[in-house]
Amino acid sequence: MLEMKWIRENGALVQATADRKGICLNVNELLEWDRRKRELLQETEKGREARNRLSREIGRLLKQENHLEADIAKLQVKECNERLTKLEHQLREAEEHTAELLLLVPNVVSPDTPQGRSDADNVEIRRAGEPVNPEYEMLDHIALGELHQLIHIPRGVKTGGARSYFLTGAGALLHRAVQQLAVDLLLSGGFTLMDVPLLVRRETLVNTGFFPLGEDQVYRIGSDDHYLAGTSEVSLVSYHAGEIMDLAKPVKLAAASSCFRSETGSAGRDVHGLYRVHQFAKVEQVVFCEADPELSERMLQEITGNAEHLLRLLELPYRVMAVCTGDMSQKTYKQYDIETWMPSRGAYGETHSSSDLHDFQARRANIRYRDSAGKLRYCHTLNNTMVASPRILIPLLENHQQEDGSIRIPAALVPYMNGLEQLVPRTGVF
């Protein structure tokens, strides 16, 4: 959320940002409702002052037993109340419209954010590792999953519907192993691990910037005010909602949790195998720091670096992309995506994302701190997908397959796989 005063002074920039991010917002309409709200508030306050003044005057007249003038004043109070009722109704309407439109206002973007309309316009910053290109025929992760009895899609669909799956045996173990490796890396980096609510309230999703624009991506539970979180970022940020934090040094939180997304609008896109599913697991990083752009930039590089460290340990080729305006979310100031090489796609596929939100999210969630002068300020928040599984299993299985059909386990994962150094094809009923 941006400050309304700042929006009034920078309306053209806000409109341009909304257009670039593909957000349907008429800033002039917001400014008109805001103007009307302020005018009505002023009129309402004057009306209340006049009513209160008349009420005091009635008391004085009655003490003087001047009943005639007191009755006239009472009629004036009645007229004031009738006018105030109309004004207060109009004020509530203006406040509601202003608040509704304000929730659509996008965060501004960093000066070094590329301009563009879609992920095709994202800009490569760096890459590590070389895509595998063996002479033998490579299998995709589904074929490998069947050969090694790691993944069963048909039974997942039978049980949970489209985009559901089972991970079995070593597949389930790999799924957990990469998460635990990610968690251990974050713990060594000073993060506090948390187990968080998966069911969250609507207010929580609004305050963290996921509603109203992302509402179609979230599962609602019945008619209750509860939703299944698509990322533990929602709960980690909300842990400090409405609080004044001590940010003498950045606060770094992490969570490993199940996540759920409806994937509305993605029909026919990236639906093969495990790339885009309804239920998955993520290890998430969230950072709170002082509202210092240089500091939050350093934190963005740190959390992105954490994810890169994990990929290097997994021995996977990847590249870091600067996300363009048209591919960014409403709340993001600056974003990097990390794409990992997926042989079956013959291309890099997104596996991680890092975002710096500046104080946009903190304003919504009302998270503040005291600066060196003792002044209350909204903090900066950042987040990163340290790892998301089962999507990470796609490059992990495909890049490490061997000519004989076996799959090599990266050395960093061996301790988490009970010492297993490779997977060999299995026979029998699956």
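The values are calculated or read from the model by the stated rules, or taken from the named source; none is laboratory data. Treat the numbers as computed from the prediction; the structure is a model and nothing was measured. When we count neighbours, we look across all protein chains shown, and the Cβ atoms used for this are built from the backbone with ideal geometry, even at glycine. With ligands, DNA and RNA removed, areas are computed over all heavy atoms of the protein, side chains included. Shrake-Rupley method; radii C 1.70, N 1.55, O 1.52, S 1.80 Å.
Miscellaneous remarks
- Sole exception among (1) at pLDDT 95 or above; (2) within 28 Å of Val77 (Cα to Cα); (3) touching a helix residue (DSSP H, G or I) at 6+ places or on another chain (Cβ under 6 Å) for Arg38, by number: (3)
- Test: residue in the stretch 371-381 that is open to solvent by less than 40 Å² (accessible area, probe 1.4 Å), aromatic (Phe, Trp, Tyr) and modelled with pLDDT of 95 or more: no
- Residue in the stretch 78-99 that is closer than 22 Å to Arg363 by Cα, part of a loop (DSSP other than H, G, I, E, B) and either open to solvent by less than 50 Å² (accessible area, probe 1.4 Å) or among the aliphatic types (A, V, I, L, M) (or both) present: no
- Criterion (at pLDDT 95 or above and either over 16 Å from Arg276 (Cα atoms) or of a type in the set (Gly, Ala, Ser) (or both)) met by exactly one of Leu167, Leu173: Leu173
- Pairs, first farther than 12 Å from Gly47 by Cα and hydrophobic (A, V, I, L, M, F, W, C) in the stretch 61-86, second outside any helix (DSSP H, G or I) and at pLDDT below 90, C-beta under 6 Å, six or more apart: none
Residues are listed down the side, and each one gets a yes or a no for (1) under 18 Å from Cys259 (Cα atoms); (2) of a type in the set (Gly, Ala, Ser); (3) buried (at least 19 other Cβ atoms within 10 Å of the Cβ):
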{"residue": "His141", "(1), (2), (3)": "no, no, yes"}
{"residue": "Gly145", "(1), (2), (3)": "no, yes, yes"}
{"residue": "Ile151", "(1), (2), (3)": "no, no, yes"}
{"residue": "Gln179", "(1), (2), (3)": "yes, no, yes"}
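- Pairs with Cβ under 9 Å, 6+ apart, first in the stretch 176-192 and free of Cβ contacts under 8 Å to residues at least 60 places away in the same chain, second part of a helix (DSSP H, G or I) and open to solvent by 30 Å² or more (accessible area, probe 1.4 Å): Asp184/Tyr416
- The selection criterion, being touching a Gly at 6+ places or on another chain (Cβ under 9 Å), of a type outside the set (Ser, Thr, Tyr) and either buried (at least 16 other Cβ atoms within 10 Å of the Cβ) or assigned to a helix (DSSP H, G or I) (or both), does not hold for Asp184.
- Listed conditions (1) part of a loop (DSSP other than H, G, I, E, B); (2) within 17 Å of Ser355 (Cα to Cα); (3) open to solvent by 80 Å² or more (accessible area, probe 1.4 Å) are all met by Arg117, apart from (2).
- Contact annotation: residue pairs with Cβ atoms under 7 Å, 6 or more positions apart or on different chains, pairing a residue in the stretch 408-430 that is farther than 13 Å from Gly171 by Cα and without any contact (Cβ under 8 Å) to a residue 24 or more places away in the chain with a partner that is exposed (fewer than 14 other Cβ atoms within 10 Å of the Cβ) and charged (D, E, K, R), are Val414/Glu421.
- Entry remark, the stretch 412-430: residues being loosely packed, with under 11 Cβ neighbours inside 10 Å and not in a loop (DSSP other than H, G, I, E, B) number 0 in total.
- Across the stretch 219-240, a minimum of one residue is classified as polar (S, T, N, Q) and open to solvent by 50 Å² or more (accessible area, probe 1.4 Å).
- Boolean, Ala12 is among the hydrophobic types (A, V, I, L, M, F, W, C), over 20 Å from Asp359 (Cβ atoms) and surrounded by 12 or more Cβ atoms within 10 Å (Cβ to Cβ): no
- A Cβ distance below 8 Å, combined with a sequence gap of six or more or placement on separate chains, defines the contacts here; from the stretch 280-297, residues that are part of a helix (DSSP H, G or I) reach residues that are at pLDDT 95 or above and of a type in the set (D, E, K, R) in the pairs Ser296/Asp356; Glu297/Lys334; Glu297/Asp356.
- Any hit, the stretch 226-233, residues being of a type outside the set (D, E, K, R), over 28 Å from Val251 (Cβ atoms) and either touching a Phe, Trp or Tyr at 6+ places or on another chain (Cβ under 6 Å) or not in a helix (DSSP H, G or I) (or both): no
- Residues within the stretch 1-10 that are closer than 17 Å to Tyr333 by Cα and either part of a helix (DSSP H, G or I) or among the hydrophobic types (A, V, I, L, M, F, W, C) (or both), tallied: 4
- Long-range neighbours under 9 Å by Cβ, at least six apart or interchain, first residue under 26 Å from Gln422 (Cα atoms) and of a type in the set (Ser, Thr, Tyr) within the stretch 148-172, second open to solvent by 40 Å² or more (accessible area, probe 1.4 Å) and assigned to a strand (DSSP E or B): Tyr165/Gln279
- Comparison of Val123, Val157, Val132 shows that the only residue that is surrounded by fewer than 15 Cβ atoms within 10 Å (Cβ to Cβ), among the β-branched types (Val, Ile, Thr) and touching a Pro at 6+ places or on another chain (Cβ under 7 Å) is Val123.
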